There are 2 protein chains.
Amino acid sequence: MKSLEDLGNQPAAWLSGQGERGDIVLSSRVRLARNIAEHLYPQRANESQHKRVVDLVSTAIDKTGVAKSGFFVESASIDEFTRDILIERHLISKEFLREDRSAGLFITEDETTSLMINEEDHLRLQAVSSGMNIRQAMTMVSDLDEQLGAVLEYDTDPRLGYLTSCPTNVGTGMRASVLIHLPGLVLTRDMDTMLSQVNKIGLTVRGFYGEGSDVIGNLFQISNQTTLGRSEEDLIESLEKVTRQLIAYEQDARKRLFADAPDQIKDKIWRALGILGLARVLTSDEVMNLLSAVRLGVSTRIIKGVDYALLNDLLLCTRRAHLQRMMGRRMSADDRDVARAALIRERLWPIVKTMDYQDAPDNKPDTAIKEDD
Amino acid sequence: MKSLEDLGNQPAAWLSGQGERGDIVLSSRVRLARNIAEHLYPQRANESQHKRVVDLVSTAIDKTGVAKSGFFVESASIDEFTRDILIERHLISKEFLREDRSAGLFITEDETTSLMINEEDHLRLQAVSSGMNIRQAMTMVSDLDEQLGAVLEYDTDPRLGYLTSCPTNVGTGMRASVLIHLPGLVLTRDMDTMLSQVNKIGLTVRGFYGEGSDVIGNLFQISNQTTLGRSEEDLIESLEKVTRQLIAYEQDARKRLFADAPDQIKDKIWRALGILGLARVLTSDEVMNLLSAVRLGVSTRIIKGVDYALLNDLLLCTRRAHLQRMMGRRMSADDRDVARAALIRERLWPIVKTMDYQDAPDNKPDTAIKEDD
């Protein structure tokens, strides 16, 4: 990707499905909130002060040399089409798209690292990795943080740590999260218990599209709630531990499901594939739920020949803005549902049609605990 | 078919889909109720009298020579498995299976003509044709009726006509019916109006399995209500006329559906095919509804390569008794749902997998009124 126009023409690197436990953990993400000392925070600053911050940071990006691997754009130059694509690709937030202030965005070519200027804080740095790789994401975002920190003077307090617009971010300014697929726990109705326990130990659970978004397609975003008084290492370790536990519980739930109702589970999986392969109208929510069933099928080796990269890419490229860009025009919801079904058929049917009508005799669902658990 | 044991091993001739308008009218059926003069009717007779009637009729069958093309069995010799198969194939009624009386059954090898002895009346003669062919069915059943009537003395009244156990059958003793598939009228919600009009002109509407059975899979059985005071010709003409009208209304409904919501209708059709092709658990009712959507698809040429004979056969061979005979054992409802899905996949998936993910550019739904309308 050399410019914003190329965005979405290739799958995002973090959706490659190649990372550790990519069958259950789609991605790991770390973001850092930073502010520049002696500059009013975005909510308080006026437009010339906003502009000054954008200039400061973009100059810093140039100085550090990271600009070579990516590009910087001012928010005003991003057209509406592209804005929606950036949101769908988790590269910017809705908060970032305020018309009352200058803002800027830096993205590396592979979309793994990005930086919003003048969102809620002066800087919001983000890195994302495929699979269960919180530490890799942390290393990437820290690298950018250190390079910029060497040029910019961050606003810190010797006792509290990094200062931020919202008190919940004061301290490390860090939020680490994993996007995890837990259909087994949802089907066994154990998810609510699981969530309340996760909440008790200071973690938050959200849907695929962050704060306030519903959980669809059994995709949960789990992140740390507090950043104050704990080290980055401490927060990451805690999130990693909980994620590994959730994976183990999910494996166990799948094992029970396949023991108790193997035909019903297989049915759910194969029907999802049949519908995705041939339907003519598909809403975005239905696609997420059907892809969830297919992912469960691939993960348990009920379905062979479909890879996670394709399933992950379909999650993104079937969303509103991506569809509209592909079709080169704005579309009504009805038109999108038709275009979405056509896109999915084109990608999936050539694979589905090669499948056999009966399970191979040795095709037992694979719910074994993997070696790296 | 040389004996009852072969029953169900080959598709019934009347489900060949070859008859006139076989896309919409599955079959045409005529049955005649007859009683033998000077013999008590089945409800009033004692067992020795029942036996006497069975002997009389079976002897008559032998004398007429029709026995050469079929076989006769006494009801007591039919095992439970086979009884259920006979019911599913519309060759006997539940009423026929009374344990308190001798009864007999004659079926021609191709299952087009049959005769129950000691059901509600001494004789219930039936003939069934593929498609819209009431006259052919009438010819077949009349042929058997005349041959038997030459040997047996039927109970008649010079003013009323044939006398029967139930007053509703007095007169011609005839009930003619068509099994008609009307998904368009159901989808446009015109079916209720249509049904009340059909009732007003003296016709009855039932489900696939006769009196009291629900309408499933948009299959309606339409038959004459009265037999008294009207000639056979008159009754058949009236049923034929209504059937042709219903076909025309159905065509019109389909045209409107494809004009108003083409994607939704195609979606319904293709999803049904995808689910039938890959599901692992299917109830009988769901199968009937999915087959209805596929039949609509074949009839409108949205789906090519699937024929009516297959769809009709799947309607029968996926039912409880047929499934159990195929598997050679009694099965729980859950086991049947799994076996049913496996059978359908085996028959349908090899066809479905050859299909293309996109409609051919010239593949417009065919809702044109056919020449023979």
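The values are calculated or read from the model by the stated rules, or taken from the named source; none is laboratory data. Owing to the predicted nature of the structure, the values given are computational and were not obtained by experimental measurement. Counting neighbours? That spans all protein chains shown, and the Cβs are built from the backbone with ideal geometry, glycine included. Side chains are part of the model used for accessible areas, which takes the heavy atoms of the whole protein and leaves out ligands, DNA and RNA. Shrake-Rupley method; radii C 1.70, N 1.55, O 1.52, S 1.80 Å.
Things worth noting here:
- Each residue of segment A:321-329 is assigned a 3J(HN,Hα), and the resulting list reads 5, 4, 4, 5, 5, 4, 7, x, 7 Hz, derived from the Karplus form 6.51 cos²θ - 1.76 cosθ + 1.60 (θ = phi - 60°), x at Gly and Pro.
- Its residue count N sets the reference 2.2 N^0.38 Å, and the alpha-carbon radius of gyration of segment B:29-172 equals 0.98 times that reference.
- When nucleic acids and ligands are ignored and a 1.4 Å probe is applied, A:ARG244 ends up with an accessible area of around 90 Å².
- Calculated FRET efficiency for the pair B:ASP307/A:GLU20, C-beta based, R₀ 56 Å, to 0.05: 0.65
- Long-range amide H partners of A:SER27 with built H, under 5 Å: A:GLY131, A:LEU179
- Anisotropy class of segment A:261-352 from Cα gyration tensor, a/c 1.5 cut: prolate
- Cβ-vector label at 7 Å, B:MET331, separations to other copies in nm: 4.0
- Across chain B, the relative contact order, built from alpha-carbon pairs under 8 Å that are at least six residues apart, equals 19 percent.
- Chains A and B together bury roughly 2500 Å² of accessible surface, counting both sides and using a 1.4 Å probe on protein heavy atoms.
- For the set B:ASP313, B:ASP335, solvent exposure ranked by accessible area (probe 1.4 Å, protein chains only) runs largest to smallest as B:ASP335, B:ASP313.
- Estimated distance in nm for a label pair at A:ASP285 and A:THR204, the labels positioned 7 Å out from Cα along Cα-to-Cβ: 2.3 nm
- Of B:VAL151, B:SER130, B:SER69, farthest towards positive along the dipole that unit charges on Lys, Arg, Asp, Glu beta carbons give chain B: B:SER130
- FRET efficiency for A:ASP157 and B:ARG256, using Cβ-Cβ distance with R0 set to 60 Å, rounded to 0.05: 0.25
- For chain A, the alpha carbon convex hull comes to 133 Å³ per residue, rounded to a whole number.
- Simple Cβ-charge dipole of segment A:36-137, Lys/Arg +1 and Asp/Glu -1, about Cα centre, in debye nearest 20: 340 debye
- In this structure the amide hydrogen of A:THR204, modeled in the peptide plane, comes within under 5 Å of the amide hydrogens of A:SER223, A:ASN224, A:GLN225, none closer than 5 places in sequence on its chain.
- Taking the C-alpha atoms only, the angle from helix A:134-149 to the longest principal axis of chain A is near 20 degrees.
- Projecting the Cα positions of A:MET326, A:LEU203, A:HIS50 onto the charge dipole of chain A (unit charges on Cβ atoms of Lys, Arg, Asp and Glu, taken about the Cα centre) puts A:MET326 furthest along the positive direction.
- Derived scalar couplings between HN and Hα for segment A:109-115 equal 4, 8, 6, 7, 10, 8, 8 Hz in order, rounded to whole Hz, by the Karplus curve 6.51 cos²θ - 1.76 cosθ + 1.60 (θ = phi - 60°), x for Gly and Pro.
- Under Stokes-Einstein, with the Kirkwood radius over Cα pairs as Rh, the value for the protein assembly as shown at 20 °C and 1.002 mPa s is 70 µm²/s.
- Check: the protein assembly as shown dipole with +1 on Lys, Arg Cβ and -1 on Asp, Glu Cβ, in debye: 40 debye
- Placing pseudo-labels 7 Å out from each Cα toward the beta carbon at B:GLN10 and B:GLU99 gives an inter-label distance of 3.5 nm.
- Euclidean distance between Cα centres, segment A:87-110 to segment A:308-357, Å: 25 Å
- The phi torsions of segment A:334-348, fed into the Karplus equation with coefficients 6.51, -1.76 and 1.60 and a -60° offset, translate into couplings of 4, 5, 4, 4, 6, 5, 4, 5, 5, 4, 5, 4, 4, 7, 9 Hz, rounded to whole numbers, with Gly and Pro shown as x.
- Distance between segment B:183-249 and segment A:226-298 - C-alpha centres, whole angstrom: 49 Å
- Given charges at beta-carbon only (K, R positive; D, E negative), |dipole| of segment B:4-252 in Debye: 520 debye
- Å² per residue, accessible surface of chain A at 1.4 Å: 41 Å²
- Residue-averaged 222 nm ellipticity for chain A, from DSSP H runs of 4+ at -39500 (n - 2.57), nearest 500: -13500 deg cm²/dmol
- Chain B residue nearest by beta-carbon to the axis mapping B to A, with distance in Å: B:GLY274, 2.
- Near A:GLU20, the amide H atoms lying under 5 Å from its own belong to A:MET132; only residues 5 or more places off or on other chains count, and H is placed 1.01 Å from N.
- Over the Cα atoms of segment A:147-277, the radius of gyration divided by the Kirkwood radius equals 1.12; this is the Rg/Rh ratio.
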